[in-house]
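Enquirer: Handing you a structure now.
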Amino acid sequence: MSLLPHPLAPALTPLRGVVRVPGDKSISHRALLLGGLATGTTRIRGLLEGEDVRSTWGCLAALGVPISRAPDPGGGGEVVVVEGRPWRTPAAPLDCGNSGTTMRLLLGALAGRPGVEATLVGDASLSRRPMERVAAPLRRMGAMVETTGGTAPVRVRGAALTGIDFESPVASAQVKSAVLLAGLAARGTTRVREPGRSRDHTERALRARGVRLDEAPDGALALEGGQALRALDVDVPGDPSSAAFLLAAALLVPGSHVSVEGVGLNPTRTGALEALRAMGARLEVAPGPCPDGGEPVGSVSAAPAAPLVAADLGGEVVLRAIDEVPVLAVVAAFARGRTRLTDAGELRHKESDRLAAVARGLGALGVEVTERPDGLEVGGDPDRALRGGVTLATHGDHRLAMAFAVAALRADGPVFLDDGACVAVSYPGFWGDLRRLGGGA
Ligand code: S3P
């Protein structure tokens, strides 16, 4: 990644236009991974070509899963083709790069493959993130999983697993998915319960591929092991977490109007839209049909209306907006009053400690921010200009870079990022899209 400071110019004109954001990162990982586990051929349209998904692609290829590109039979573009195959022990450690989803979901899938052994490694950021939350339940199921003091490198040796009743201490789709993927290969029933409902892409993807997965009224999931996974062609919707940056930008720059088309509207991911509305934002959501694979898709438009107001944001709304908290904190800097973001302690375990990094970044821009153990309090003023001339630390975290880019649109002079290249983790075309809409960057 480039270490040259990335300059961000304030917005001089409104942001206007219609965009499509790249494919959903969570769904892209699952489309590749389940394609590699399924019987048959999977064709994926709209796969995110970001660095994280490339990590999953590379790991699966090293495990013996053929993945290639082919012309899209239904249009002018390309599809990614995955052939389901029995996995083999890779020749070298599996490099998960910056991607927690790659590492945790792969651990779950590898745990139930007797005869396959692998070591999973990651970059400096991923190597600081907690892996025992996945390793512990997989060990209980019968796999050999060794972390390095709780983090990567992680060594896994697949085994014949037995289903468990697992009560996850954290609401995490990565943990839930790892246990469900292991459960698919286990003897007996695997039950997973989590303290809040995390994103449900794995559940939808498994069901769409013919797996029976029961859900109790309290949200507990039950999966009978040994079920076949059918290959399924997938259309990956646009990533709502990527769309959130452009929508937030439109809300903050007077006279803007931005529509994002073909974006995922899975209710476990739409917390940011609700949070923005709670701050008085005008958003128009037009749901489209729910295609094969069971993921709702539609379009969302944003334009500034009345001045934004502070809100108390916590609980399940924050869980359903977990990756959007940095940009919500930026919007809160322009919402009159004091916005309280709570129940966001998990942000300390993302690609960076996002609570600390957002507090420092907004503070440097002149915003009054208080960091709490599980959240942030942000003082907002709709009429303010942020302080230009400062350089902000992204910690190589894509979502921080994009959130700060949105903030910089309302600065009184250029703002600099220590690293603009890290957006490629989830949104390689971000700078181009922002520029095309009229945003300063
Ligand atoms: C993801 C789950 C979330 C999210 C991450 C992607 C997934 O992490 O923050 O960006 O694809 O399952 P946790 O499961 O750790 O909360």
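Every number here is computed from the coordinates shown, using simple stated rules; none is lab data. Predicted model, so just to flag it, every value in this text is computed and none were measured. Every residue, glycine as well, gets a Cβ built from its backbone with ideal geometry; the counts of neighbours run over all protein chains shown.
Enquirer: Using the charge dipole of the chain (Lys, Arg: +1 at Cβ; Asp, Glu: -1 at Cβ; taken about the Cα centre), state which of Pro237, Leu400, Ala92 has its Cα farthest towards the positive end.
Expert: Ala92
Enquirer: Classify region 308-441 as rounded, prolate or oblate, taking a ≥ b ≥ c as the square roots of the eigenvalues of its Cα gyration tensor: rounded when a/c is under 1.5, otherwise prolate if a/b is larger than b/c and oblate if not.
Expert: oblate
Enquirer: Please give the charge dipole size of the chain, origin at the Cα centre, charges +1 on K and R Cβ atoms and -1 on D and E Cβ atoms. Round to the nearest 20 debye.
Expert: 520 debye
Enquirer: A follow-up question, please. Distance from a point 7 Å along Cα→Cβ of Met144 to each backbone N in region 71-89: keep the residues under 19 Å and list them by number.
Expert: 87-89
Enquirer: Rank Gly115, Leu47, Thr162 by how far each Cα sits towards the positive end of the charge dipole of the chain (+1 on Lys, Arg Cβ; -1 on Asp, Glu Cβ) and give me just the farthest.
Expert: Towards the positive end, the residue furthest out is Gly115.
Enquirer: Could you give me the ³J(HN,Hα) list for region 115-132, computed from phi with Karplus coefficients 6.51, -1.76, 1.60 and θ = phi - 60°, whole Hz, x at Gly and Pro?
Expert: x, 9, 10, 8, 10, 9, 10, x, 6, 4, 5, 5, 6, 9, 8, x, 10, 5
Enquirer: May I pose another question? Before anything else, pin down the relative contact order of the chain: Cα pairs under 8 Å, at least 6 apart, normalised by residue count, whole percent.
Expert: Answer for the chain is 18 percent.
Enquirer: Taking only Cα atoms, what is the 0 to 90° angle, nearest 10, from helix 354-364's long axis to the longest principal axis of the chain?
Expert: Roughly 20 degrees, rounded to the nearest 10.
Enquirer: Next question. Roughly how big is region 25-235's charge dipole about its Cα centre, with Cβ charges of +1 (Lys, Arg) and -1 (Asp, Glu), in debye to the nearest 20? Let's see the in-between values first.
Expert: On the way: 28 positive and 22 negative charges, 64 e Å.
Here region 25-235 has a charge dipole of around 300 debye.
Enquirer: I'd like the Karplus ³J(HN,Hα) series for region 403-412: coefficients 6.51, -1.76, 1.60, θ = phi - 60°, whole numbers in Hz, and an x wherever there's a Gly or Pro.
Expert: 5, 5, 4, 5, 4, 4, 4, 10, 9, 8
Enquirer: Another one. For Val19, which sequence-distant residues (separation of 5 or more, or a different chain) have an amide H within less than 5 Å of its own amide H, given hydrogens modelled in the peptide plane?
Expert: Hits under the 5 Å cutoff: Ser259, Val260, Glu261.
Enquirer: While we're here: Give me the net charge of Thr89's neighbourhood, meaning all other residues with Cβ under 11 Å from the Cβ of Thr89; Lys, Arg count +1, Asp, Glu -1.
Expert: So the environment of Thr89 carries a net charge of +2.
Enquirer: Provide the per-residue ³J(HN,Hα) series for region 300-315, in order, calculated from phi with Karplus coefficients 6.51, -1.76, 1.60 and θ = phi - 60°, each as a whole number of Hz, with x at glycine and proline positions.
Expert: 9, 10, 9, 8, x, 10, 5, x, 6, 10, 5, 9, 9, 10, x, x
Enquirer: How much net charge surrounds Pro382 when only the other residues with a Cβ under 13 Å from the Cβ of Pro382 are counted, with Lys and Arg +1 and Asp and Glu -1?
Expert: +1
Enquirer: Assuming R0 = 51 Å, what is the FRET efficiency of Asp383 and Val170, from their Cβ-Cβ distance, to the nearest 0.05?
Expert: Here the calculated transfer efficiency is 0.85.
Enquirer: Right, here's the next one. Take the alpha carbon atoms of region 186-253, find their center, do the same for region 292-370, and report the distance between the two centers in whole angstrom.
Expert: Cα centres, region 186-253 to region 292-370: 23 Å.
Enquirer: Per DSSP helix of 4 or more residues, -39500 (n - 2.57); summed, then divided by the residues of the chain. What does that give at 222 nm, rounded to the nearest 500?
Expert: Values: 13 runs with 131 residues, N = 441.
When only DSSP H runs of four or more count, the value is -8500 deg cm²/dmol.
Enquirer: Moving to a separate point now. Would you grab the residues whose amide H sits under 5 Å from the one on Leu392? Only those 5+ places off in sequence or on another chain, please, with H modelled 1.01 Å from N.
Expert: Correct list: Phe416, Leu417, Asp418.
Enquirer: Moving on to the next point. Over region 1-143, what relative contact order in percent results from Cα pairs under 8 Å that are six or more residues apart? Don't skip to the end; give the middle numbers.
Expert: Details: 191 pairs, mean separation 28.8, N = 143.
Averaging sequence separation for qualifying contacts and normalising by length gives 20 percent for region 1-143.
Enquirer: Continuing with this model, one more query. Normalised by the residues of region 275-361, what does the relative contact order come to in percent, with Cα pairs under 8 Å and at least six apart?
Expert: This gives 26 percent for region 275-361.
Enquirer: Next up: Taking +1 at the Cβ of each Lys and Arg and -1 at the Cβ of each Asp and Glu, which of Val378, Thr56, Val425 sits farthest along the dipole of the chain towards its positive end, judged by Cα position relative to the Cα centre?
Expert: Thr56
Enquirer: So how far apart, in nm, are the two label points at Arg193 and Thr13 if each is 7 Å from Cα heading toward Cβ?
Expert: 5.8 nm
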